[in-house]
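The values are calculated or read from the model by the stated rules, or taken from the named source; none is laboratory data. Quantities reported herein were computed from a predicted structural model and do not represent experimental measurements. All Cβ positions, even for glycine, are placed from backbone atoms using ideal geometry, and neighbour counts span all protein chains on display.
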Amino acid sequence: MSQDFRSVASEIVSKHGESRSSLILVLQEIQSKFNHIPFESMLEVSERMGVPLSDIYGVATFYHQFRLKPQGRHLISVCMGTACHVKGSQAIHGLLRERLGVGLDEETSPDGRFTLQKVRCMGACGLAPVLKIDGDIYGKVKPEDLDAILQKYS
């Protein structure tokens, strides 16, 4: 599999060019192919583009859009903005962690179905607390709503 990561990364670099200005495009396309940016792909990009691996890692960890670990089939984002926090988003996040069997950091459930993450603000403060699964927004979420919401994505 690591050879696949490297060969696909090489093709993507060829497509976008070896200029450092193409780095973000290259990383975005690698992530779209593998659902994350594998270390082996970063090695190939470093060699092909002449960019130090530490710089590539820096870009991949600076931008929140990039993931270094595979993401689950469904991404759950729990808003932790002020309004959501006041209305109980911490409790919602804690219950989701329990149900999904994940830790405190952004993690993927053992079955690979869900990745749970905290986000700062979704801009839907009037619907607090808010969570988003893939592109679907759920507002005024109560703990008793979680099982029914998760069931839609099984």
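Suppose the filter is surrounded by 20 or more Cβ atoms within 10 Å (Cβ to Cβ), outside any helix (DSSP H, G or I) and touching a helix residue (DSSP H, G or I) at 6+ places or on another chain (Cβ under 8 Å); does ILE37 pass it? Break it down stepwise before answering.
On the way: surrounded by 20 or more Cβ atoms within 10 Å (Cβ to Cβ): yes; outside any helix (DSSP H, G or I): yes; touching a helix residue (DSSP H, G or I) at 6+ places or on another chain (Cβ under 8 Å): yes.
Yes, satisfied.
In the range 16-24, is there at least one residue being assigned by TED's automatic domain parsing to the domain that holds VAL141 and either in contact with a Phe, Trp or Tyr (Cβ under 9 Å, 6 or more places away or on another chain) or outside any helix (DSSP H, G or I) (or both)? Let's see the steps before the verdict.
In the first step, residues of the range 16-24 are kept if they are assigned by TED's automatic domain parsing to the domain that holds VAL141; the result is none.
Taking every residue of the range 16-24 in turn, none turns out to be assigned by TED's automatic domain parsing to the domain that holds VAL141 and either in contact with a Phe, Trp or Tyr (Cβ under 9 Å, 6 or more places away or on another chain) or outside any helix (DSSP H, G or I) (or both).
Please list, ordered by residue number, the helices (runs of 4 or more DSSP H) wholly in the range 48-100 having 2 or more residues that are at pLDDT 95 or above and buried (at least 19 other Cβ atoms within 10 Å of the Cβ).
Values: elements: 53-62, 82-86, 89-100.
Filter on the range 48-100 gives 53-62, 89-100.
Out of (1) charged (D, E, K, R); (2) surrounded by fewer than 17 Cβ atoms within 10 Å (Cβ to Cβ); (3) touching a Ser or Thr at 6+ places or on another chain (Cβ under 8 Å), the odd one out for LYS132 is which?
(2) is the only condition that LYS132 fails.
Limited to the range 108-154, what total is found for residues that are among the charged types (D, E, K, R), modelled with pLDDT of 95 or more and under 16 Å from MET80 (Cα atoms)?
3
Taking the residues in the range 114-129 that are part of a strand (DSSP E or B) and hydrophobic (A, V, I, L, M, F, W, C) as candidates, determine which candidate is surrounded by the fewest Cβ atoms within 10 Å (Cβ to Cβ).
We begin by selecting, within the range 114-129, every residue part of a strand (DSSP E or B); these are 114-119.
Restricting the remaining residues to those that are hydrophobic (A, V, I, L, M, F, W, C) gives 114, 116, 119.
Details: PHE114: 23, LEU116: 24, VAL119: 16.
Taking the candidates together, the pick is VAL119.
Return the pairs, sorted by first residue and then second, in which the second residue is aromatic (Phe, Trp, Tyr) and at pLDDT below 95, the first residue lies in the range 90-114 and is over 15 Å from HIS74 (Cα atoms) and assigned by TED's automatic domain parsing to the domain that holds ASN35, the beta carbons are less than 8 Å apart, and the residues are 6+ apart or on different chains.
none
Within the range 72-82, identify whether any single residue is over 30 Å from CYS125 (Cβ atoms) and small (Gly, Ala, Ser), and answer yes or no. Give the derivation first.
Restricting attention to the range 72-82, the residues satisfying the condition of being over 30 Å from CYS125 (Cβ atoms) are none.
No.
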